[in-house]
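Student: One structure, pasted below without further comment.
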Amino acid sequence: MQIKKNAIRVGTGLAMAGMLALQIMFAPGASSATGKVTVWLEENSTSTCFADVLTSANKNSGLSFAMTAKPQLTEAMRTALASGGAPDVIFTPGPAFTSEFAKAGLLEPLDSYAKEFGWNKSISPWNLALGKVKNKLYSLGSEQETMLLWYNKTVLDKLGVKVPKTTKEFSAALDKVAAAGVTPFAGGNTEWKPVNEWFLSAMWNAVAGPDNVYKALTGKMKWDSAPFVEATNTLNGWMTKGYMSGGLDRYYTRTFQEFQADHANGKAAFSMEGSWRFQNIGTQFKESGQEWGWAPFPTKDGKELYSIGVGSSWGLNKASKNKAGAAEFLKTLFTPTTQANLVMKCGMSPAPVQIAKKMLAGQEKRHADSIVRLGQAAAKGNFGYLTWAFWPPKTQNFLIEEIEKVWAGSVTTKQYLQGIDKVFAGELASKSVPPIPSRG
Amino acid sequence: MKSKKRKSRVKRGAWLFILPILLLHMLTILVPALVGIYFSLTDWSGFGPATFIGLENYKALFEDPGFLQALRNNFKWLVFFATVPFSIALTAAFLLSQVKRGGFAYRIAYFVPYVLPAVVIGSLWKFIFNPDSGITRILSDLGIPGFEKALLGQPSTALLSIAFVDNWHYWGFLATILLVALQSVSPELYEAARIDGANLRQQFRYVTVPGIRPTLVFMFMMTSIWSFLVFEYVWVMSQGGPAGSTEVMATYLFKAAFREFSAGLAAAAGLTMTMFAGIIIGVFLILRKRGWEI
């Protein structure tokens, strides 16, 4: 009798264990991978929220994601990769970095995972192209970004300035704002020198045109050609007139907090910043009691254009002892649900994946609108190219550093662009330029 | 004969004692230095294989206007630090040596900035230099010319402003070192000078300076070497900008290595910095060999 009872107990136990195993196996996001996956994140205002979203998305799997936020992540990751102490998942500020790591044989190709997880369908083709080195996929771009024109609606309404659509209207609007004693642009690069490239990215695409940028990036056009001279000179005019934060000396010394406050308080009318500004613009303007808005960056021909790029890139450490687990992390990260949660809960820009409109229900209308419009433009091939995603590292650093010499008057626009041409030609020859997706 | 043997044994013993530290030094200094020399002759990106390219990196460095500007800035830094902190520190140390009571409190006050991290000092002074909220705003409001614009935001004033901040933290340390040296000068020499009718300036010129010359020269040599290695203050306060006006060799190196993936070029820049430091040491060794009391 006792034996029978025990047999029933054992049988029931086994059945329950089996059901539990089946539940885990077929639960959403579940996989056969187990163990711990180490991930390093950039230490910033969204890192905790990001970790929470990923942990929550992973709660039904047998994996644990050990996410650590680190300051100066780029340098730390480089050193760790070189010394063999890097985490399982490799996070970088963009494809230019991951492609260097891939070329050195430090990353695991993702092609088989792309096939297994259906990334070829769910992730935008231009993003997949961006992560390739020698025709193999090594990284996935996250945080799809674009340069936008942000404006203080309260100030523009008061001054009777309309939101510009063309470069000509833009220049006229800036002159009108300046004449009224309001600073046209809020900006500052004391904390992050690459702020310089935000403006260059926006102006080259908007004024020189994305087709010319494509030609230049593929070596079919010189960077010192007339369209780029015109675009750079337009920007220089604004900078040297003191339109940015009231003068170059202020631009070089203003922090993010300071210049964004200038914008929210109405000291400045416009701001040329990326879509990441959605993270805090609502709070800043709510505090000041003023109204804000965004518009596509004004172009020479007035047609709506979004220059695209990614703000970060994810790969897989070749030396990882848990590659299957690391791939699961990427799978979890690049699901539309996770990306929608990152938008909704953390205010982050989503990766270029197809997010259904209903997933963004309840999201701040202007933010949701930008995501939809950017996604549509990218899908149609109506996009431009952001420097931090498509430019090779030496050229990128050159354009950031040397533009200040143009603004200081020690170098001419032509000399500056010739310098870019020279550095870029070297990187094009050494195959350091990432794959450039064609438009349309 | 016996004494010769003993001497040899003592010598061997001494070598045995220094052997562990010598091996450690070779492992941590000599080997990386040799590896660095090798990489400076390659196109290494910081990862993976490196291709030997001879002296191309050095050629590229000295053809790059950006590097030449950085080099010029290091020399400006050297001129500043070879004069300003020494003048202040020497004067302060001499005056402090005359103080009979409360001298220790002064010494602590001078020394405190030296123990603060560069990041803290740099950030603090960035705030002080803020043209809209810092002390420069107050000075500008008082009508003092030159403070209406951001000191760190103009190519003409940025380097000097950073040097001022670095000096703010450095001169107290220098003054303390010089004061210790001053205290080793025999008081009898001052007394003799006074009996001979020497005034304070003459005592300083003929007693103090010769008395502390070895310390003075050593600190001068170290300050000169450090002038070619400066990095933290420039990085924290300006990252080499605006328009490259505060770029120094170390910030150039950092950008080459971490922003451009040109580790070979960065190694060449690093060795060039070391070469300048080596030249300074060489000059002092030659002067010493020629009988200078240093």
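The values are calculated or read from the model by the stated rules, or taken from the named source; none is laboratory data. Just so it is clear, the structure is predicted and the values come from calculations on it, not from any experiment. Positions of Cβ are backbone-derived with ideal geometry, glycine not excepted, and every protein chain shown enters the neighbour counts.
Student: Only one residue in B:Phe164, B:Phe173, B:Phe147 is in the same structural domain as B:Ser87 (by TED's automatic domain parsing) and either small (Gly, Ala, Ser) or under 15 Å from A:Asp249 (Cβ atoms) (or both), so which one is that?
Tutor: Working: B:Phe164 fails: either small (Gly, Ala, Ser) or under 15 Å from A:Asp249 (Cβ atoms) (or both); B:Phe173 fails: either small (Gly, Ala, Ser) or under 15 Å from A:Asp249 (Cβ atoms) (or both).
Every option except B:Phe147 fails the conditions.
Student: Among B:Ala250, B:Ala243, B:Ala267, which is assigned by TED's automatic domain parsing to the domain that holds B:Ser161, surrounded by 23 or more Cβ atoms within 10 Å (Cβ to Cβ), in a helix (DSSP H, G or I) and among the small types (Gly, Ala, Ser)?
Tutor: One residue alone meets the criteria, B:Ala267.
Student: In segment A:396-418, how many residues are more than 9 Å from chain B (Cβ to nearest Cβ), crowded, with 21+ Cβ neighbours inside 10 Å and either under 30 Å from A:Gln354 (Cβ atoms) or without any contact (Cβ under 8 Å) to a residue 60 or more places away in the chain (or both)?
Tutor: Residues flagged as more than 9 Å from chain B (Cβ to nearest Cβ), crowded, with 21+ Cβ neighbours inside 10 Å and either under 30 Å from A:Gln354 (Cβ atoms) or without any contact (Cβ under 8 Å) to a residue 60 or more places away in the chain (or both) within segment A:396-418 amount to 0.
Student: Right, something else. Restricting to segment A:227-240, what's the tally of residues that are within 24 Å of the chain's Cα centre (by Cα) and within 14 Å of chain B (Cβ to nearest Cβ)?
Tutor: Step one: filter segment A:227-240 for residues within 24 Å of the chain's Cα centre (by Cα), giving A:228, A:231-232, A:235.
In the following step, the residues that additionally are within 14 Å of chain B (Cβ to nearest Cβ) were identified as none.
Count: 0.
Student: Among A:Thr255, A:Thr283, A:Thr232, which is among the hydroxyl-bearing types (Ser, Thr, Tyr) and closer than 30 Å to A:Ser430 by Cβ? So that I can check it myself, show each step before the final result.
Tutor: Values: A:Thr255 fails: closer than 30 Å to A:Ser430 by Cβ; A:Thr283 fails: closer than 30 Å to A:Ser430 by Cβ.
That would be A:Thr232, the only listed residue that is among the hydroxyl-bearing types (Ser, Thr, Tyr) and closer than 30 Å to A:Ser430 by Cβ.
Student: How many residues are within 14 Å of B:Ser97 (Cβ to Cβ), of a type outside the set (Phe, Trp, Tyr) and touching a helix residue (DSSP H, G or I) at 6+ places or on another chain (Cβ under 8 Å) when one looks only at segment B:194-215?
Tutor: So the count comes out to 7.
Student: Mind counting the residues in segment A:96-138 that are more than 14 Å from chain B (Cβ to nearest Cβ) and in a strand (DSSP E or B)? Give the derivation first.
Tutor: Initial filter on segment A:96-138 (more than 14 Å from chain B (Cβ to nearest Cβ)): A:108-132, A:135-137.
Pick out the ones that are also in a strand (DSSP E or B) and you get A:123, A:132, A:136-137.
So the answer is 4.
Student: Here are the criteria: (1) in contact (Cβ under 8 Å) with a residue 24 or more places away in the chain; (2) in a helix (DSSP H, G or I); (3) more than 27 Å from A:Gly347 (Cβ to Cβ). Tell me which single one A:Lys176 does not satisfy.
Tutor: For A:Lys176, the exception is condition (1).
Student: Being within 14 Å of chain B (Cβ to nearest Cβ), outside any helix (DSSP H, G or I) and without any contact (Cβ under 8 Å) to a residue 40 or more places away in the chain is the filter here, so list the residues in segment A:40-84 that pass it.
Tutor: Of the residues in segment A:40-84, the ones within 14 Å of chain B (Cβ to nearest Cβ) are A:71-84.
Next cut, outside any helix (DSSP H, G or I) only: A:71-72, A:84.
The answer is A:Pro71, A:Gln72.
Student: Moving on to the next point. Of all residues in segment A:194-240, which are small (Gly, Ala, Ser) and assigned to a helix (DSSP H, G or I)? First the steps, then the outcome.
Tutor: Initial filter on segment A:194-240 (small (Gly, Ala, Ser)): A:201-202, A:206, A:208-209, A:216, A:219, A:225-226, A:231, A:237.
The answer is A:Ser201, A:Ala202, A:Ala206, A:Ala208, A:Ala216, A:Ala226, A:Ala231, A:Gly237.
Student: If we keep just the residues of segment A:352-390 that are among the small types (Gly, Ala, Ser) and in contact with a Gly (Cβ under 7 Å, 6 or more places away or on another chain), which is surrounded by the fewest Cβ atoms within 10 Å (Cβ to Cβ)?
Tutor: Applying the filter and picking the extreme gives A:Gly381.
Student: Hey, could you check segment A:166-196 for residues that are touching a helix residue (DSSP H, G or I) at 6+ places or on another chain (Cβ under 9 Å), surrounded by fewer than 20 Cβ atoms within 10 Å (Cβ to Cβ) and of a type in the set (D, E, K, R) and say which is farthest from the other protein chains (Cβ to nearest Cβ)?
Tutor: In this case the residue turns out to be A:Lys176.
Student: Still on this model: Within segment B:230-240, track down each residue that is in a helix (DSSP H, G or I) and surrounded by fewer than 22 Cβ atoms within 10 Å (Cβ to Cβ).
Tutor: The answer is B:Glu232, B:Trp235, B:Val236.
Student: Would you mind stating whether B:Leu189 is surrounded by fewer than 19 Cβ atoms within 10 Å (Cβ to Cβ), assigned by TED's automatic domain parsing to the domain that holds B:Pro117, touching a helix residue (DSSP H, G or I) at 6+ places or on another chain (Cβ under 7 Å) and over 14 Å from B:Ala89 (Cα atoms)?
Tutor: Yes; evaluated as a whole, the condition is true for this residue.
Student: Say we look at segment A:241-284 and pick out the residues that are in a loop (DSSP other than H, G, I, E, B) and more than 14 Å from every other protein chain (Cβ to nearest Cβ); which of these is surrounded by the most Cβ atoms within 10 Å (Cβ to Cβ)? Before the answer, list the steps.
Tutor: Going through segment A:241-284, the residues in a loop (DSSP other than H, G, I, E, B) turn out to be A:241-243, A:245-247, A:252-255, A:265-267, A:280.
Filter again for more than 14 Å from every other protein chain (Cβ to nearest Cβ), leaving A:241, A:243, A:266, A:280.
On the way: A:Lys241: 13, A:Tyr243: 24, A:Gly266: 17, A:Asn280: 15.
In this case the residue turns out to be A:Tyr243.
Student: Considering segment A:326-356 alone, what residues qualify as being over 20 Å from A:Leu374 (Cα atoms), touching a Ser or Thr at 6+ places or on another chain (Cβ under 7 Å) and not aliphatic (A, V, I, L, M)?
Tutor: Passing the criteria: A:Glu328, A:Thr332.
Student: Could you check how many residues of segment A:116-172 are of a type in the set (Phe, Trp, Tyr) and either on the phi > 0 side of the Ramachandran plot or touching a strand residue (DSSP E or B) at 6+ places or on another chain (Cβ under 6 Å) (or both)? Explain how you work it out, then say what you get.
Tutor: Here is the first cut: in segment A:116-172, the residues of a type in the set (Phe, Trp, Tyr) are A:117, A:119, A:126, A:138, A:150-151, A:170.
Next, only the ones that are either on the phi > 0 side of the Ramachandran plot or touching a strand residue (DSSP E or B) at 6+ places or on another chain (Cβ under 6 Å) (or both) stay: A:138, A:150-151.
Going through segment A:116-172 one residue at a time, the tally reaches 3.
Student: Given the residues B:Arg107, B:Arg101, B:Arg72, B:Arg137, which is the only one that is farther than 25 Å from B:Gly244 by Cβ and modelled with pLDDT of 85 or more?
Tutor: Working: B:Arg107 fails: modelled with pLDDT of 85 or more; B:Arg101 fails: modelled with pLDDT of 85 or more; B:Arg72 fails: farther than 25 Å from B:Gly244 by Cβ.
Selected residue: B:Arg137, the only one of B:Arg107, B:Arg101, B:Arg72, B:Arg137 that is farther than 25 Å from B:Gly244 by Cβ and modelled with pLDDT of 85 or more.
Student: Please enumerate the residues belonging to segment B:135-160 that are small (Gly, Ala, Ser) and either surrounded by fewer than 20 Cβ atoms within 10 Å (Cβ to Cβ) or at positive phi (or both). Full working, then the answer.
Tutor: Residues of segment B:135-160 that are small (Gly, Ala, Ser), as a first pass: B:140, B:143, B:146, B:150, B:153, B:156, B:158.
Hits for segment B:135-160 are B:Ser140, B:Gly143, B:Gly146, B:Ser156.
Student: Any residue at all in segment B:208-228 that's under 20 Å from the mean Cα position of the chain (by Cα) and not in a helix (DSSP H, G or I)?
Tutor: Step one: list which residues in segment B:208-228 are under 20 Å from the mean Cα position of the chain (by Cα), which gives B:212-228.
Filter once more, so that each one left must be not in a helix (DSSP H, G or I): none.
Taking every residue of segment B:208-228 in turn, none turns out to be under 20 Å from the mean Cα position of the chain (by Cα) and not in a helix (DSSP H, G or I).
Student: Related question: All but one of (1) more than 14 Å from every other protein chain (Cβ to nearest Cβ); (2) without any contact (Cβ under 8 Å) to a residue 12 or more places away in the chain hold for B:Ile281, so report the exception by its number.
Tutor: All conditions are met except number (2).
Student: Only residues that are buried (at least 17 other Cβ atoms within 10 Å of the Cβ) and either under 21 Å from A:Gly246 (Cα atoms) or within 11 Å of chain A (Cβ to nearest Cβ) (or both): list them for segment B:114-134, please.
Tutor: Let us first name the residues in segment B:114-134 that are buried (at least 17 other Cβ atoms within 10 Å of the Cβ), namely B:118, B:121-122, B:125-126, B:129-131, B:134.
Passing the criteria: B:Lys126, B:Phe129, B:Asn130, B:Pro131, B:Gly134.
Student: Can you tell me which residues in segment B:44-70 are under 13 Å from B:Ala266 (Cα atoms) and within 9 Å of chain A (Cβ to nearest Cβ)?
Tutor: B:Ser45, B:Gly46
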